[in-house]
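The values are calculated or read from the model by the stated rules, or taken from the named source; none is laboratory data. Keep in mind the model is a prediction, meaning the values are calculated, not measured. Virtual Cβ from ideal backbone geometry, glycine too; neighbours counted across all protein chains shown.
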Amino acid sequence: MTFIKTTEKDSNYNHLEKMTINELLININKEDKTVPSAVEKALPQIEKLVQQIVSKLKSGGRLFYIGAGTSGRLGIVDASECPPTFGVPYDMVIGLIAGGDKAIRKAVEFAEDSKTQGWNDLLKNNITSNDIVIGIAASGTTPYVIHALENCNKKSIITGCITCNKNSPLSNTARFPIEVVVGPEFVTGSSRMKAGTAQKLVLNMLTTSTMIKLDRVKGNKMVDMQLSNNKLVDRGVKMIMSELKIDKISAKTLLEKHDNVRASIIAYNENRN
């Protein structure tokens with residue numbers, strides 16, 4: 001099938017510099033509203049990939065995100081938020097970006113064009129066939145990502161991807177592609193906008209649904225979250241109060257003793273039996 005890079009198509013708007021601030025904001029918002037609908041169309045693809053992730057992580061494997069530029073940074077953000085939110089080990093979900101950690105803040109020239117570094121970065125993390133690798137690239141043409149996934153396929157490592165073009169080289173490489181076609185950007189080619197928003201929404205879906213299936217959520221609460229600040233400690237106390245129907249002082253005492261919401265609830269119930 002024909003590959004058309006819609007992420008690079010000319011914007012639906014012109015003479016942006018002549019718009020008022022109000023007009024700019026209204027039109028950007030108008031474009032942003034189309035993103036959830038595009039994600040909805042990809043839900044069947046997203047479901048298939050989540051099933052694979054859950055299976056691998058349940059058997060002790062890891063989830064890798066690999067990308068460049070905005071896509072790479074979004075993967076790193078999602079990966080870095082899993083331990084504090086769900087209490088999982090820091091090496092369960094790993095984000096890799098072309099150019100290494102320094103590229104998180106500043107672009108590294110031509111890093112995304114390497115056909116070898118992506119696989120090398122995975123090797124540095126001792127990638128195995130028990131892991132799963134998801135390439136993230138709005139265009140679906142990033143060499144750093146595509147060649148990393150090609151090598152994964154050769155080593156029987158399950159691959160997925162998130163891209164914003166249909167039938168891209170990346171989609172055709174990944175075993176479980178997700179294609180969220182958001183169309184032209186407000187500023188032509190600025191894929192940090194709608195494409196970036198779409199990727200963030202999908203990443204949220206992947207890890208949140210996976211962690212729920214890994215029993216990292218009870219009811220609708222993050223019972224394994226890390227208690228890394230006063231706000232989260234207070235939230236933990238309220239969770240325990242709500243779940244066990246006890247007063248604040250008792251809940252706080254439990255949490256201080258066990259340093260974890262789930263452990264506090266289990267300990268309380270065991271002592272009652």
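Summed over segment 1-41, the residues that are in contact (Cβ under 8 Å) with a residue 60 or more places away in the chain, of a type outside the set (Val, Ile, Thr) and not in a helix (DSSP H, G or I) give a count of 8.
Restricting Asp91, Asp78 to residues that are at pLDDT 95 or above, charged (D, E, K, R) and in a helix (DSSP H, G or I) narrows the list to Asp78. Out of all the residues in segment 145-166, is one or more crowded, with 24+ Cβ neighbours inside 10 Å, more than 19 Å from Leu123 (Cα to Cα) and of a type in the set (Gly, Ala, Ser)? No, because not a single residue in segment 145-166 is crowded, with 24+ Cβ neighbours inside 10 Å, more than 19 Å from Leu123 (Cα to Cα) and of a type in the set (Gly, Ala, Ser).
Here Ser264 meets each of (1) surrounded by 20 or more Cβ atoms within 10 Å (Cβ to Cβ); (2) modelled with pLDDT of 95 or more; (3) out of contact with any Cys (no Cβ under 9 Å at 6 or more places or on another chain); (4) of a type in the set (Gly, Ala, Ser) with one exception, condition (2). Screening segment 129-210 for strands (runs of 3 or more DSSP E) wholly inside it with 3 or more residues that are without any contact (Cβ under 8 Å) to a residue 60 or more places away in the chain returns the ranges 158-163.
Does segment 16-24 contain at least one residue that is surrounded by 17 or more Cβ atoms within 10 Å (Cβ to Cβ) and either modelled with pLDDT of 95 or more or in contact with a Gly (Cβ under 8 Å, 6 or more places away or on another chain) (or both)? No: segment 16-24 contains no residue that is surrounded by 17 or more Cβ atoms within 10 Å (Cβ to Cβ) and either modelled with pLDDT of 95 or more or in contact with a Gly (Cβ under 8 Å, 6 or more places away or on another chain) (or both). Within segment 95-127, the set of residues being among the polar types (S, T, N, Q), exposed (fewer than 13 other Cβ atoms within 10 Å of the Cβ) and on the phi < 0 side of the Ramachandran plot comprises Thr116, Asn120. State whether the residues of segment 62-75 include one that is assigned to a loop (DSSP other than H, G, I, E, B) and surrounded by 14 or more Cβ atoms within 10 Å (Cβ to Cβ). Checked against the condition, which is being assigned to a loop (DSSP other than H, G, I, E, B) and surrounded by 14 or more Cβ atoms within 10 Å (Cβ to Cβ), segment 62-75 yields at least one hit.
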